[in-house]
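Colleague: Sending over a structure as structure tokens; questions will come in a sec.
The values are calculated or read from the model by the stated rules, or taken from the named source; none is laboratory data. Keep in mind the model is a prediction, meaning the values are calculated, not measured. Don't worry about glycine lacking a Cβ; one is built from the backbone with ideal geometry, like all the others, and counts go over all protein chains shown. Ligands, DNA and RNA are stripped out before the accessible areas are found, and what is left, the full protein with its side chains, is counted by its heavy atoms. Shrake-Rupley method; radii C 1.70, N 1.55, O 1.52, S 1.80 Å.
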Amino acid sequence: MKLNNILNFIISTSFCFFLFSTTLTAQNDSIKQATIDSIKIKEKYGLRVGLELSKLARTAFEDDYEGFEVMGDYRISKNLYIAGAFGAENNNTNTDYYDVTTKGTYFKAGIDYNAYQNWLDMKNMIYSGFRVGASTFDHTINSYTIYTEDQYWAPQFTSSESQDFDGLTAVWLELIAGFKVEIVNNLYIGAHVELKTLVSQKEPDNFENLYIPGFYKTYDSLDIGFGYGYSITYLIPLYKKDK
């Protein structure tokens, strides 16, 4: 009789322990699953600033050019960035008919949209956007020659008297497309192309703006301009958001 009681006690105890262990394991699995489901990836938001490299290269290797550009963007949502640039240029345009030096500064501001779907923890960009640009500049006409069709009887008139035209301005719209790739943590290299159209400009008397800082070369009275550039920028993280 005592033996049966002991066996019944052991069986009952073992069954209770089994139920307790099964319940505890199920609870732990639930807690673990809930913890895994609650994990979120943080993305960096901040200010990215840097330099335009092609202008520095031209300054180093071309005698008729000096310039620089500081650029930056600020991320305001998952794919949207406020972007802008400030620069200065000193460019000499020299042909068979004129020698003109242009010096001035410019500012551009606009929006970029990143169309690239990054993998986990990547922050690269393939983007397009627009800018509004404005420039203030001066022209110095070092020399010029007036072209005439009848060159048999009269020589072309040439003047080497320097003329200065100050306080010139221009405003333009610009479409931009490019990419930025993170090569090390927070450091990016990139390239872009620009298509521009003039909105307004102040020109010298009896002369055209041959070069506008930030807009670059003008083409035979057309209001269209083109540009390209290479960049190196650094992201200054300010805060993070859930991806």
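Colleague: Can you run down the residue pairs with Cβ atoms below 6 Å, 6 or more apart or on separate chains, where the first is in region 141-170 and within 24 Å of T101 (Cα to Cα) and among the small types (G, A, S) and the partner is outside any strand (DSSP E or B) and modelled with pLDDT under 90?
Modeller: If the second residue must be outside any strand (DSSP E or B) and modelled with pLDDT under 90, the pairs left are S143/S160.
Colleague: Does R58 satisfy being of a type in the set (K, R) and within 20 Å of G229 (Cβ to Cβ)?
Modeller: On the way: of a type in the set (K, R): yes; within 20 Å of G229 (Cβ to Cβ): yes.
When the stated conditions are applied, R58 passes them.
Colleague: Find all pairs meeting these conditions: Cβ atoms under 7 angstrom apart; at least six residues apart or on different chains; first residue within region 92-109 and small (G, A, S); second residue open to solvent by 40 Å² or more (accessible area, probe 1.4 Å) and at pLDDT 95 or above.
Modeller: Pairs found: G104/T136; G104/D138; A109/V132.
Colleague: Further question on the same structure: List pairs: first in region 178-194 and of a type outside the set (G, A, S), second open to solvent by less than 50 Å² (accessible area, probe 1.4 Å) and not in a strand (DSSP E or B), Cβ under 7 Å, 6+ apart or cross-chain?
Modeller: What qualifies is K180/N124; V181/N124; E182/K123; E182/N124.
Colleague: Of everything in region 63-75 that's open to solvent by less than 20 Å² (accessible area, probe 1.4 Å) and under 18 Å from I212 (Cα atoms), which residue is nearest to the chain's Cα centre (by Cα)?
Modeller: Ranking the candidates gives E69 first.
Colleague: Can you work out which of the residues in region 39-62 that are free of Cβ contacts under 8 Å to residues at least 24 places away in the same chain and loosely packed, with under 15 Cβ neighbours inside 10 Å is farthest from A134 (Cα to Cα)? Walk me through how you get there before you give the answer.
Modeller: The first filter runs over region 39-62 and keeps only residues free of Cβ contacts under 8 Å to residues at least 24 places away in the same chain, leaving 39, 56-62.
Those left that are additionally loosely packed, with under 15 Cβ neighbours inside 10 Å: 39, 57, 59-62.
Values: I39: 46, A57: 24, T59: 22, A60: 26, F61: 27, E62: 25 Å.
In this case the residue turns out to be I39.
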